[in-house]
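Colleague: One structure is given below, represented as structure tokens, and several questions about it will come after.
The values are calculated or read from the model by the stated rules, or taken from the named source; none is laboratory data. Since this is a predicted model, take the numbers as computed values, not measurements. With ideal geometry, Cβ positions are generated from the backbone for all residues, glycine too; neighbour counts draw on all protein chains shown.
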């Protein structure tokens, strides 16, 4: 082999390990999942090709519709609560002396696993002896006490609250970092021009915070689509499949009912949705970031 | 890999121990203990996979006894989540990575692993012990004339009741439906919830449906399980209405708040405090009550729910789960040996002593007076034993049904939409099965 041929090959050799790993651990399983979604696989014995049957069944399945709607609740809930509250708390903390202590306190829930969070909140929401209903009764608000994890869509909202409790810390920290990196000059200029706090936030701080917002919203979007462990621990998607999300439906169909082909179809749909959302989101955000 | 204690070893061990015991009793005992441990350590240790986390100590006690007795023992390999457990066995069943022994479910779930060639044929072990096990238990694990597992447990589905609560309310175990209704009404009037019910873990949804249908029309239950009757048949609808009526009367615990497992709201604590009078459950639940501090026979007893229709035959739900030898396991021969020991009188005696369970083996008595009494009632009364809902009908139907029954327990109302949803799945499943 001549030196020049080796030279041409060198970049590919550097790439080979990563291409190999991505191929084996990402592309092959993805292709296999797509293939499985076109079969009636049960995880046992041989599966036969059924074309798009699993996908047409999905459209007609009321459990899939509920799951899809719940996923939308999760995406909206996490965006509003986690991102909105995270930003609000970062703004408040950035102007208090207790910031250092409070940062640690708010971050603490993020250090425990989602499963542990699920167990804690399962007991908080217990209708008879749970902390929430007990507190409501103590405050004379017993009328508001309910079976939080039973009635849809309250059960989904309750779990979003638990998820927010855990995810708020990291979101807040990211916004705090973003706020610290904002240059002082435009803010001082706006203050000299007599801008009110609200106008200052809306027209100066928020636009300057956009790169960090892009990151936070992106992470929150992905997390809200893939949330599984917390739901599985708290309700297993129930009762009567009322609190399933697409990720839970995928798991349940594949590993509880062993409709592996059907479960794979749910996985493909979920991946396609996340892919489309991610492409549009990143495209929109980076275009705007470049403008500023 | 297997290393049994040879005859020579045994004689040496016994001789040394005897001689030592005469001269230096303490030293001899220590030496015997060391040698026994060495024998255990030298024995083959298999993996016994299961999803029964609270049984870990029992499995290991029985495994150590097996190691000492036949040189092949086992350690429990625990999966805390049934779903992950099933997935682990299903994905490894065809490979040598599969655990040597594993617990499973009888009925349709077992048929799946037998069809997939995951379970070893253990018919010779059954033939050896034929005189000591009932045909019913053997049949539960028999497919195409071959037997594919040993009974890990057997349980009858009965009403466990708090004896103190019954005594305070001047009640005795009812023998007719009218007496049972009166007992429920009396308990309710005394501020006690008559029946424990939960949807914790989804599956318990079928419990009262199964029992009330059985008490109304056992033949219909059997036809329904076999796909020869429909969930929308009038007999099934009226059973649901009966159940709904009892829910409306407040005879059941809030199914969303009571759990079967641990935690603040676990059923045992409610039962122990006398807040709940009875619960329809498998006798395998008794050890949970015992570990909660209740004494069988003194604090709690058991009776079979009386028939609604007095002319209906005497029936009781029976449940059993197999211990399976992995067909493709790396230590199949040793696993067969371990199973052989497990089914033997000695093996069963050790297992029953550790667990407090009822042994399916007729020469191993149960340690619980409640179970002994129940066993006698079933035998003398000529009760026909029917397979539990979970195992008796295809699992695709069960999965849909338990969710629908959970919904009914929470919301009540018209049962027809619930039954129609289940029937839709039943039509689909039976069409694919037949």
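Colleague: Would you be able to say whether some residue in the range A:156-166 is in contact (Cβ under 8 Å) with a residue 12 or more places away in the chain, more than 27 Å from residue A:90 (Cβ to Cβ) and within 14 Å of chain B (Cβ to nearest Cβ)?
Modeller: Of all residues in the range A:156-166, those in contact (Cβ under 8 Å) with a residue 12 or more places away in the chain come to A:156-166.
Still in the list and also more than 27 Å from residue A:90 (Cβ to Cβ): none.
Scanning the range A:156-166 turns up no residue that is in contact (Cβ under 8 Å) with a residue 12 or more places away in the chain, more than 27 Å from residue A:90 (Cβ to Cβ) and within 14 Å of chain B (Cβ to nearest Cβ).
Colleague: On the basis of being surrounded by 23 or more Cβ atoms within 10 Å (Cβ to Cβ), within 14 Å of another protein chain (Cβ to nearest Cβ), in contact with a helix residue (DSSP H, G or I) (Cβ under 7 Å, 6 or more places away or on another chain) and closer than 20 Å to residue A:119 by Cβ, does residue A:234 make the cut? Outline the logic, then answer.
Modeller: On the way: surrounded by 23 or more Cβ atoms within 10 Å (Cβ to Cβ): yes; within 14 Å of another protein chain (Cβ to nearest Cβ): yes; in contact with a helix residue (DSSP H, G or I) (Cβ under 7 Å, 6 or more places away or on another chain): yes; closer than 20 Å to residue A:119 by Cβ: yes.
Here the answer is yes, as residue A:234 does meet what is asked.
Colleague: May I pose another question? Yes or no: the range B:155-175 includes at least one residue that is within 19 Å of the chain's Cα centre (by Cα), modelled with pLDDT under 90 and crowded, with 22+ Cβ neighbours inside 10 Å.
Modeller: no
Colleague: Here are A:276, A:216, A:260, A:227: which of them is within 14 Å of chain B (Cβ to nearest Cβ) and modelled with pLDDT of 90 or more? Step through it out loud before you land on a result.
Modeller: Details: A:276 fails: within 14 Å of chain B (Cβ to nearest Cβ); A:216 fails: within 14 Å of chain B (Cβ to nearest Cβ); A:227 fails: within 14 Å of chain B (Cβ to nearest Cβ).
Within the list A:276, A:216, A:260, A:227, the selection yields A:260.
Colleague: Might you check whether a residue that is farther than 30 Å from residue B:184 by Cα and more than 21 Å from the chain's Cα centre (by Cα) occurs anywhere in the range B:312-327?
Modeller: First, pick out the residues of the range B:312-327 that are farther than 30 Å from residue B:184 by Cα: B:321-327.
Those still in the list that are more than 21 Å from the chain's Cα centre (by Cα) too: B:327.
Looking through the range B:312-327, at least one residue is farther than 30 Å from residue B:184 by Cα and more than 21 Å from the chain's Cα centre (by Cα).
Colleague: Right, here's the next one. I need the full set of residues from the range B:111-122 which are in a loop (DSSP other than H, G, I, E, B), crowded, with 23+ Cβ neighbours inside 10 Å and either out of contact with any strand residue (DSSP E or B) (no Cβ under 7 Å at 6 or more places or on another chain) or within 13 Å of chain A (Cβ to nearest Cβ) (or both), in order please.
Modeller: B:118, the sole residue that qualifies.
Colleague: Which residues, taken from the range B:362-404, are over 15 Å from the mean Cα position of the chain (by Cα) and within 24 Å of residue B:111 (Cα to Cα)?
Modeller: Answer for the range B:362-404, where residues must be over 15 Å from the mean Cα position of the chain (by Cα) and within 24 Å of residue B:111 (Cα to Cα): B:384, B:393, B:394, B:395, B:396, B:397, B:398, B:399, B:400, B:401, B:402, B:403.
Colleague: When you scan the range A:167-280 for helices (runs of 4 or more DSSP H) that lie fully inside it, which ones turn up with 2 or more residues that are within 30 Å of residue B:401 (Cβ to Cβ)? Full working, then the answer.
Modeller: Working: elements: A:184-192, A:197-200, A:210-226, A:229-234, A:246-251.
Result: A:229-234, A:246-251.
Colleague: I'd like the full set of residues that are surrounded by fewer than 20 Cβ atoms within 10 Å (Cβ to Cβ) and in a loop (DSSP other than H, G, I, E, B), limited to the range B:254-293.
Modeller: B:254, B:260, B:261, B:262, B:263, B:264, B:273, B:274, B:275, B:292, B:293
Colleague: Considering only residues that are within 14 Å of chain A (Cβ to nearest Cβ) and either surrounded by fewer than 20 Cβ atoms within 10 Å (Cβ to Cβ) or more than 30 Å from residue A:259 (Cβ to Cβ) (or both), which ones fall in the range B:91-101?
Modeller: First, the residues of the range B:91-101 that are within 14 Å of chain A (Cβ to nearest Cβ): B:91-95, B:98.
Within the range B:91-101, B:91, B:92, B:94, B:95 meet the criteria.
Colleague: I would also like to ask the following. Just checking, which of B:108, B:104 is within 14 Å of chain A (Cβ to nearest Cβ), at pLDDT 95 or above and under 19 Å from the mean Cα position of the chain (by Cα)? Step through it out loud before you land on a result.
Modeller: Numbers: B:108 fails: at pLDDT 95 or above.
On inspection, the qualifying residue turns out to be B:104.
Colleague: Kindly indicate the residue of the range B:395-418 that is farther than 20 Å from residue B:197 by Cα and more than 9 Å from chain A (Cβ to nearest Cβ) and also surrounded by the most Cβ atoms within 10 Å (Cβ to Cβ) among those meeting that condition. Full working, then the answer.
Modeller: Filtering the range B:395-418 for residues farther than 20 Å from residue B:197 by Cα gives B:395-397, B:416-417.
Then keep just the ones that are more than 9 Å from chain A (Cβ to nearest Cβ); that gives B:397, B:416-417.
Details: B:397: 24, B:416: 13, B:417: 12.
Out of the qualifying residues, it is B:397.
Colleague: For the range A:14-60, name all the residues that are in contact with a helix residue (DSSP H, G or I) (Cβ under 7 Å, 6 or more places away or on another chain), away from chain B (no Cβ under 14 Å), part of a helix (DSSP H, G or I) and under 24 Å from residue B:95 (Cβ atoms).
Modeller: Once the filter is applied, which keeps residues that are in contact with a helix residue (DSSP H, G or I) (Cβ under 7 Å, 6 or more places away or on another chain), away from chain B (no Cβ under 14 Å), part of a helix (DSSP H, G or I) and under 24 Å from residue B:95 (Cβ atoms), the range A:14-60 yields only A:33.
Colleague: Right, something else. Condition check: within 14 Å of chain A (Cβ to nearest Cβ) and in contact with a strand residue (DSSP E or B) (Cβ under 9 Å, 6 or more places away or on another chain). Does residue B:66 satisfy that? Give the derivation first.
Modeller: Values: within 14 Å of chain A (Cβ to nearest Cβ): no; in contact with a strand residue (DSSP E or B) (Cβ under 9 Å, 6 or more places away or on another chain): yes.
So residue B:66 fails the test.
Colleague: Follow-up question, since we're still on this one. I'm trying to understand the selection: among the residues of the range B:241-254, which are touching a strand residue (DSSP E or B) at 6+ places or on another chain (Cβ under 8 Å) and within 14 Å of chain A (Cβ to nearest Cβ)? Explain how you work it out, then say what you get.
Modeller: Within the range B:241-254, the first condition is being touching a strand residue (DSSP E or B) at 6+ places or on another chain (Cβ under 8 Å), and the residues that meet it are B:246, B:250-253.
Hits for the range B:241-254 are B:252, B:253.
Colleague: Got a number for residues in the range A:74-131 being away from every other protein chain (no Cβ under 14 Å) and either without any contact (Cβ under 8 Å) to a residue 24 or more places away in the chain or over 17 Å from residue A:163 (Cα atoms) (or both)?
Modeller: Number of matching residues: 21.
Colleague: Can you tell me which residues in the range A:1-58 are within 33 Å of the chain's Cα centre (by Cα) and surrounded by fewer than 10 Cβ atoms within 10 Å (Cβ to Cβ)?
Modeller: Within the range A:1-58, A:17, A:18, A:51 meet the criteria.
Colleague: Quick one: would you say residue B:183 is buried (at least 19 other Cβ atoms within 10 Å of the Cβ), under 30 Å from residue A:252 (Cβ atoms) and modelled with pLDDT of 95 or more? Let's see the steps before the verdict.
Modeller: Values: buried (at least 19 other Cβ atoms within 10 Å of the Cβ): yes; under 30 Å from residue A:252 (Cβ atoms): no; modelled with pLDDT of 95 or more: yes.
Answer is no for this residue.
Colleague: May I ask you to list the residues in the range A:59-73 that are under 16 Å from residue A:162 (Cβ atoms) and exposed (fewer than 15 other Cβ atoms within 10 Å of the Cβ)?
Modeller: Going residue by residue through the range A:59-73, those that are under 16 Å from residue A:162 (Cβ atoms) are A:70, A:73.
Residues satisfying the conditions do not exist here.
Colleague: Same structure again: Looking only at helices (runs of 4 or more DSSP H) that lie completely in the range A:97-154, which have at least 3 residues being at pLDDT 90 or above and surrounded by fewer than 18 Cβ atoms within 10 Å (Cβ to Cβ)?
Modeller: Working: elements: A:99-107, A:114-124, A:131-138.
Ranges flagged: A:114-124, A:131-138.
Colleague: Same structure, new question: Here are some conditions: (1) away from chain A (no Cβ under 12 Å); (2) out of contact with any strand residue (DSSP E or B) (no Cβ under 8 Å at 6 or more places or on another chain); (3) over 18 Å from residue B:135 (Cα atoms). Residue B:363 meets all but one. Which one does it not meet?
Modeller: All conditions are met except number (3).
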